[in-house]
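Visitor: Quick one: structure below, then a few questions.
The values are calculated or read from the model by the stated rules, or taken from the named source; none is laboratory data. All values derive from a computational prediction rather than experimental measurement. Methodologically, a virtual Cβ is constructed for each residue, glycine included, from the backbone with ideal geometry; neighbour enumeration extends over all protein chains shown.
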């Protein structure tokens with residue numbers, strides 16, 4: 001598009017979209033609130049503090065931060081939290097006719113995929129997105145994103161066993177450990193243990209607990225990085241908040 005400049009000169013229209021409009025569209029707040037953030041020096045574009053209200057940016061390529069938190073402005077990206085029920089397989093299609101996570105996501109656009117997996121008998125938080133780079137980094141071992149689980153087992157569990165789980169247990173594919181572990185409930189022989197691990201190895205929590213002498217009867221993932229399951233109902237999905245998406249990107253250096 002061409003426009004008439006000062007003195008009647010004809011030139012190209014400025015490229016990009018006004019920063020305050022991009023921020024408002026990304027859910028930071030109203031356009032007026034976004035302007036106030038810019039005035040206060042709380043917005044950075046590609047590492048530079050921007051105080052200019054007319055600054056135009058390309059939302060598809062610009063790295064925009066508010067108070068140091070990444071704001072995702074690329075169009076078409078979807079980031080979801082899904083509460084996977086027990087019995088559902090963590091695939092988008094299954095040649096055995098089993099229920100898949102795709103069956104739970106029919107109200108969302110196509111092209112989504114899951115970030116890591118939960119085995120068929122496990123339940124709880126599963127991230128789903130179409131953001132390939134983010135998904136790759138979240139599951140890459142080098143970033144060690146924490147995952148929190150609640151495991152129901154038969155007790156009692158000794159302090160020695162808890163210390164062993166925290167210090168490391170030799171598994172078939174190497175030593176693994178729980179970064180944090182605590183008993184959060186105990187009724188009779190039923191014990192509910194909360195564990196935090198930083199690896200995504202196949203069935204890691206189940207194998208750890210079995211090797212420790214307490215096979216898992218029920219396993220629920222309650223947190224992945226900055227995202228928590230909260231009160232999300234089983235079988236339902238929700239869009240991640242702007243803060244959750246920003247925190248996930250920051251955790252993997254995006």
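Visitor: Among 220, 254, which is the only one that is at negative phi, in a strand (DSSP E or B) and either surrounded by fewer than 18 Cβ atoms within 10 Å (Cβ to Cβ) or touching a strand residue (DSSP E or B) at 6+ places or on another chain (Cβ under 7 Å) (or both)? It would help to see each step written out before you state the result.
Guide: Values: 254 fails: in a strand (DSSP E or B).
Going through 220, 254 in turn, just one is at negative phi, in a strand (DSSP E or B) and either surrounded by fewer than 18 Cβ atoms within 10 Å (Cβ to Cβ) or touching a strand residue (DSSP E or B) at 6+ places or on another chain (Cβ under 7 Å) (or both): 220.
Visitor: I'd like the full set of residues that are farther than 30 Å from residue 164 by Cβ and in contact with a helix residue (DSSP H, G or I) (Cβ under 6 Å, 6 or more places away or on another chain), limited to segment 199-253.
Guide: So the first thing to find is which residues in segment 199-253 are farther than 30 Å from residue 164 by Cβ, and the list is 230-250, 252-253.
Result: 235, 252.
Visitor: Name the residue that is farthest from residue 248 (Cα to Cα), counting only residues in segment 128-173 that are over 26 Å from the mean Cα position of the chain (by Cα) and assigned to a strand (DSSP E or B).
Guide: Per the stated criteria, the residue is 154.
Quick grid of which residues meet (1) farther than 30 Å from residue 126 by Cα; (2) at pLDDT 90 or above; (3) not assigned by TED's automatic domain parsing to the domain that holds residue 114:
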residue: 8; (1), (2), (3): yes, no, yes
residue: 16; (1), (2), (3): yes, no, yes
residue: 25; (1), (2), (3): no, no, yes
residue: 29; (1), (2), (3): no, no, yes
residue: 38; (1), (2), (3): yes, yes, yes
residue: 61; (1), (2), (3): no, no, yes
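Visitor: Which residue out of 98, 74 is at pLDDT 90 or above and surrounded by fewer than 19 Cβ atoms within 10 Å (Cβ to Cβ)? Working first, answer last.
Guide: On the way: 74 fails: at pLDDT 90 or above.
Just one listed residue meets the conditions, 98.
Visitor: Ok, one more. Which of (1) surrounded by 13 or more Cβ atoms within 10 Å (Cβ to Cβ); (2) in a strand (DSSP E or B); (3) touching a residue at least 24 places away in the same chain (Cβ under 8 Å) does residue 184 not meet, given it meets every other one?
Guide: In the conditions (1) surrounded by 13 or more Cβ atoms within 10 Å (Cβ to Cβ); (2) in a strand (DSSP E or B); (3) touching a residue at least 24 places away in the same chain (Cβ under 8 Å), residue 184 misses (1) alone.
Visitor: Strands (runs of 3 or more DSSP E) wholly in segment 55-117 with at least 3 residues that are more than 24 Å from residue 21 (Cα to Cα), in contact (Cβ under 8 Å) with a residue 24 or more places away in the chain and in contact with a strand residue (DSSP E or B) (Cβ under 7 Å, 6 or more places away or on another chain) - which ones?
Guide: Working: elements: 64-66, 69-71, 79-84, 113-115.
Hits in segment 55-117: 79-84.
Visitor: Still on this structure, I have one more. Can you report the number of residues in segment 21-32 which are within 12 Å of residue 71 (Cβ to Cβ) and either out of contact with any helix residue (DSSP H, G or I) (no Cβ under 6 Å at 6 or more places or on another chain) or in a helix (DSSP H, G or I) (or both)? Quick ask: steps written out before the conclusion?
Guide: Taking segment 21-32 first, the residues within 12 Å of residue 71 (Cβ to Cβ) are 22-29.
Next, only the ones that are either out of contact with any helix residue (DSSP H, G or I) (no Cβ under 6 Å at 6 or more places or on another chain) or in a helix (DSSP H, G or I) (or both) stay: 22-26, 29.
Total meeting the criteria: 6.
Visitor: Would you check if residue 177 is over 15 Å from residue 217 (Cβ atoms) and without any contact (Cβ under 8 Å) to a residue 60 or more places away in the chain?
Guide: On the way: over 15 Å from residue 217 (Cβ atoms): yes; without any contact (Cβ under 8 Å) to a residue 60 or more places away in the chain: yes.
When the stated conditions are applied, residue 177 passes them.
Visitor: Right, here's the next one. Taking into account only those residues within segment 227-251 that are in a loop (DSSP other than H, G, I, E, B) and buried (at least 18 other Cβ atoms within 10 Å of the Cβ), which is farthest from the chain's Cα centre (by Cα)? Before the answer, list the steps.
Guide: Initial filter on segment 227-251 (in a loop (DSSP other than H, G, I, E, B)): 229-236, 240-241.
Checking which are buried (at least 18 other Cβ atoms within 10 Å of the Cβ) leaves us with 229, 240.
Numbers: 229: 11, 240: 8 Å.
Per the criteria, the residue is 229.
Visitor: Another one. Test each condition in (1) at pLDDT 95 or above; (2) within 28 Å of residue 239 (Cβ to Cβ) for residue 136 and report the one that comes out false.
Guide: The single condition residue 136 does not satisfy is (1).
Visitor: Further question: Are any of the residues in segment 190-213 more than 30 Å from residue 71 (Cα to Cα), without any contact (Cβ under 8 Å) to a residue 40 or more places away in the chain and in a strand (DSSP E or B)?
Guide: yes
Visitor: Where residues in segment 36-54 are within 23 Å of residue 244 (Cα to Cα) and in contact (Cβ under 8 Å) with a residue 12 or more places away in the chain, which of them is surrounded by the most Cβ atoms within 10 Å (Cβ to Cβ)?
Guide: Selected residue: 43.
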